[in-house]
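Accompanying notes for the structure given below.
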Amino acid sequence: MIPLVFHPIYSQLALPYRHRFPIEKYQAIRDALQQQGVPDSWFFLPEALDPRQLTHVFDADYLQQLCSGSLDVKAMRRIGFPWSQQLIRRTLTAAGGTVLTAQLALQYGKAINLTGGYHHAFADFGSGFCMLNDLYLAALAMLSAPGIDRVLVFDCDVHQGDGTAKLAQGDNRIVTVSLHGEKNFPHRKQLSDMDFPLPKGTEDKAYLDTLDTALTLAINLYRPDAVIYDAGVDVHIDDDLGHLHLSTQGVYQRDKLVFDTCADKSLPIAAVIGGGYQRDIAALTQVHLQLFSAAGIGSLSSRLP
């Protein structure tokens, strides 16, 4: 069994017409996996985090204002969502899902959250559709487990994991590595432990060569005990916001390389699906499904090399 973490609330959020965030994709991925024959017993239902228990990580005033709806207009505009109670419930549940995924990965060797990758969230503000940094919370959860002394956050979303890099600065137990579009959001980059900026138009071979180098270097240099993988598909050639040119097969090869490397090194890996912004939800879902295929889940894994 490969644990998959999902809650219907992932796709239950009313957004303005033509809003940029593809909220429907999470349920679409769950439905596609079910249609492929993935048993219900593989799915785990996360619980919402208690914001009162997050003040050791995030600024208490920010948490209070975020949860009460009293953040100012500029702060909410930076986040990119209209505030609602449902937004907060969804946010806390999604972050709880990534924490659960990290815990399940330690137990089963690998696990995947059908949302996650909210890496633009900082300690005291949100940005770019991200309000609570689930990757950082998941890394802390892993570090609380026996035998886990260092966690690698390997971020392949097309946008740099700036919030994660900033939160983890000064903590050598959490190693941040980011492969991202050089000329893309966020315009002001942070310093990850290792950054690999890629030019616009980067195609499969150049990307995969960089990925192999980055992952090998990170593992050999930092010797992590576990990995958190942000498998954003906004690197895809058809993505509206990515500006890189990976094919669907390239996305599959990327994800398989990460899973295979972790398996070879006996490293537990918790994966999240990350960003992806095609407006065609059916097409976007097929790209996200490469992550599950690469992990050995569903009928796709029998049709791809």
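The values are calculated or read from the model by the stated rules, or taken from the named source; none is laboratory data. Treat the numbers as computed from the prediction; the structure is a model and nothing was measured. Cβ atoms come from the backbone with ideal geometry, glycine included; neighbour counts cover every protein chain shown. With ligands, DNA and RNA removed, areas are computed over all heavy atoms of the protein, side chains included. Shrake-Rupley method; radii C 1.70, N 1.55, O 1.52, S 1.80 Å.
What the table below lists for this structure:
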{"quantity": "Area projected by the alpha carbon convex hull of the stretch 117-206, averaged over all directions, nm²", "calculated": "6.2 nm²"}
{"quantity": "Structure-derived Rg/Rh (Cα atoms, Kirkwood Rh) - corresponding label in [x] 0.97; [y] 1.06; [z] 0.93", "calculated": "[z]"}
{"quantity": "Computed E for Val73/Ala14 - FRET, C-beta separation, R0 22 angstrom, nearest 0.05", "calculated": "0.70"}
{"quantity": "Per-pair calculated FRET efficiency, R0 = 25 Å: Ser144 and Leu217 via Cβ, rounded to 0.05", "calculated": "0.40"}
{"quantity": "Per-peptide average of other Cβ atoms within 10 Å, ordering 92-98, 42-48, 130-136 highest first", "calculated": "130-136, 92-98, 42-48"}
{"quantity": "Amide H contacts under 5 Å for Ala226, placed H, 5+ residues apart", "calculated": "Arg150, Leu152"}
{"quantity": "Cα extents of the stretch 57-185 along the three principal axes, largest first (Å)", "calculated": "43, 33, 28"}
{"quantity": "Carbon/sulfur fraction of accessible area - the chain, other protein chains in place, 1.4 Å, %", "calculated": "51 percent"}
{"quantity": "Relative contact order (%) - the chain, alpha-carbon pairs under 8 angstrom, separation at least six", "calculated": "19 percent"}
{"quantity": "Cα centroid of the stretch 18-33 to Cα centroid of the stretch 72-150, whole Å", "calculated": "18 Å"}
{"quantity": "Net +/- balance of residues flanking Pro268 in space, Cβ distance below 11 Å, scoring K and R +1, D and E -1", "calculated": "+1"}
{"quantity": "Sparse-neighbourhood loop sites, trypsin sites (Lys or Arg not before Pro) in the stretch 1-76 - DSSP loop, at most 10 other Cβ within 10 angstrom", "calculated": "Arg18"}
{"quantity": "Within the stretch 126-236, percent of DSSP bridges classed antiparallel, to nearest 5", "calculated": "5 percent"}
{"quantity": "Normalised contact order of the stretch 190-261, rounded percent, pairs of Cα under 8 Å and 6 or more residues apart", "calculated": "36 percent"}
{"quantity": "Amide N of the stretch 163-182 lying under 12 Å from the label point, which is placed 7 angstrom from the Cα of Lys265 along Cα→Cβ", "calculated": "175-177"}
{"quantity": "Per residue accessible area of the chain, 1.4 Å probe, in Å²", "calculated": "41 Å²"}
{"quantity": "Estimated translational D of the stretch 67-134 in µm²/s (Stokes, Kirkwood radius over Cα pairs; 25 °C; 0.890 mPa s)", "calculated": "193 µm²/s"}
{"quantity": "Share antiparallel - DSSP beta bridges, the chain, percent rounded to 5", "calculated": "5 percent"}
{"quantity": "In sequence order, calculated HN-Hα J values of the stretch 281-286 (Karplus, 6.51, -1.76, 1.60; Hz; x Gly/Pro)", "calculated": "5, 5, 5, 4, 4, 4"}
{"quantity": "Tally of Lys pairs whose C-alpha atoms are under 19 Å apart, taken over the chain, 8 or more apart or cross-chain", "calculated": "7"}
{"quantity": "For Ala295, residues with placed amide H under 5 Å, excluding near neighbours", "calculated": "none"}
{"quantity": "Alpha-carbon Rg with Dmax, taken over the stretch 149-250, Å", "calculated": "13.1, 39"}
{"quantity": "Directionally averaged projected area (convex hull, Cα atoms, the stretch 25-126), nm²", "calculated": "7.4 nm²"}
{"quantity": "In order through the stretch 262-278: 3J(HN,Hα) via Karplus (6.51 cos²θ - 1.76 cosθ + 1.60), integer Hz, x for Gly, Pro", "calculated": "5, 5, 4, 9, 6, 9, x, 10, 10, 10, 10, 7, x, x, x, 9, 5"}
{"quantity": "Value of [θ]222 nm, deg cm²/dmol, for the chain, DSSP H segments ≥ 4, -39500 (n - 2.57) each, nearest 500", "calculated": "-12500 deg cm²/dmol"}
